[in-house]
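The values are calculated or read from the model by the stated rules, or taken from the named source; none is laboratory data. None of these values were measured; they are calculated from a predicted model. Counting neighbours? That spans all protein chains shown, and the Cβs are built from the backbone with ideal geometry, glycine included. Side chains are part of the model used for accessible areas, which takes the heavy atoms of the whole protein and leaves out ligands, DNA and RNA. Shrake-Rupley method; radii C 1.70, N 1.55, O 1.52, S 1.80 Å.
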Amino acid sequence: DAGVIQSPRHEVTEMGQEVTLRCKPISGHDYLFWYRQTMMRGLELLIYFNNNVPIDDSGMPEDRFSAKMPNASFSTLKIQPSEPRDSAVYFCASSLGGVGVTDTQYFGPGTRLTVL
Amino acid sequence: AQSVTQLDSQVPVFEEAPVELRCNYSSSVSVYLFWYVQYPNQGLQLLLKYLSGSTLVKGINGFEAEFNKSQTSFHLRKPSVHISDTAEYFCAVSGLNRDDKIIFGKGTRLHILP
């Protein structure tokens, strides 16, 4: 398997623009997670899905952020409008989820977002 | 709710020397514990995890960690490090419920000195 695939790997945009990050989880994995990593706050869980259904979005910072999972093989994280403080590395991860949280999470390579 | 503290943000160590990366957690209930590693420009990958049973857990790449309930610690150790171990290491904790979230520490950057 190719692992978790994220695109784009790097994104540079201007404040106010819409940004869409994409993720393809490992085939057969039931859980999908979106994380944000910054120097100040470390690694934060934004939202996670189980069988395409959002389970916990309490980590989403504000209404400018939204995530969808229209099918088992694709998810998006959208920021609209973007702000400079959204600059971070965004990771997608997936897991089998057969026993819930103890299942190993497999991380993608991340998308480095810079908002000017 | 759980929390995890990694006491050292950076640890320099000479090649072939032993290393210990410290992790303490806080929780009012039983927990699962994890160590993940992030190599430069890559995503995280699991090193090892403690779910139950033996308190000494062995992971990949020669790493091991010991769960100490009385001290609420889960320190990561390796007897002899290599230059390829240069990475950031994250300790993480979760509750025992199926849909509990994993809470990550801020990370410890391991610098291997030649």
Among the residues of the stretch A:40-64, write down those that are farther than 13 Å from residue A:75 by Cβ and either out of contact with any strand residue (DSSP E or B) (no Cβ under 9 Å at 6 or more places or on another chain) or charged (D, E, K, R) (or both). A:40, A:41, A:44, A:56, A:62, A:63, A:64
Within the stretch B:81-95, track down each residue that is more than 11 Å from the chain's Cα centre (by Cα) and facing another protein chain (nearest Cβ under 8 Å). B:94, B:95
Any idea how many residues of the stretch A:95-116 are at pLDDT below 95, more than 9 Å from chain B (Cβ to nearest Cβ) and assigned to a strand (DSSP E or B)? 1
Answer yes or no as to whether residue B:78 is on the phi < 0 side of the Ramachandran plot, more than 14 Å from chain A (Cβ to nearest Cβ) and loosely packed, with under 12 Cβ neighbours inside 10 Å. no
Flag if residue B:53 is at positive phi and either open to solvent by less than 30 Å² (accessible area, probe 1.4 Å) or touching a strand residue (DSSP E or B) at 6+ places or on another chain (Cβ under 6 Å) (or both): no
Hey, among A:82, A:27, which residue is closer than 19 Å to residue A:12 by Cα, in a loop (DSSP other than H, G, I, E, B) and either touching a residue at least 40 places away in the same chain (Cβ under 8 Å) or not acidic (Asp, Glu) (or both)? A:82
Within the stretch B:34-75, restricting to residues that are farther than 17 Å from residue B:11 by Cβ and small (Gly, Ala, Ser), the one that is farthest from the other protein chains (Cβ to nearest Cβ) is B:70
State which residue is nearest to residue B:109 (Cα to Cα) when the search covers only the stretch B:81-96 and only residues that are open to solvent by 10 Å² or more (accessible area, probe 1.4 Å) and touching a residue at least 40 places away in the same chain (Cβ under 8 Å). B:88
Residue B:58: modelled with pLDDT of 95 or more and open to solvent by 70 Å² or more (accessible area, probe 1.4 Å), yes or no? yes
Sole residue being surrounded by fewer than 16 Cβ atoms within 10 Å (Cβ to Cβ) and either modelled with pLDDT under 95 or within 25 Å of residue A:96 (Cα to Cα) (or both), chosen from A:78, A:24: A:78
Any residue at all in the stretch B:30-40 that's open to solvent by 20 Å² or more (accessible area, probe 1.4 Å), closer than 20 Å to residue B:5 by Cα, part of a loop (DSSP other than H, G, I, E, B) and modelled with pLDDT under 90? yes
Spot the failing condition for residue B:100; the list is (1) outside any loop (DSSP other than H, G, I, E, B); (2) facing another protein chain (nearest Cβ under 10 Å), and only one is missed. (1)
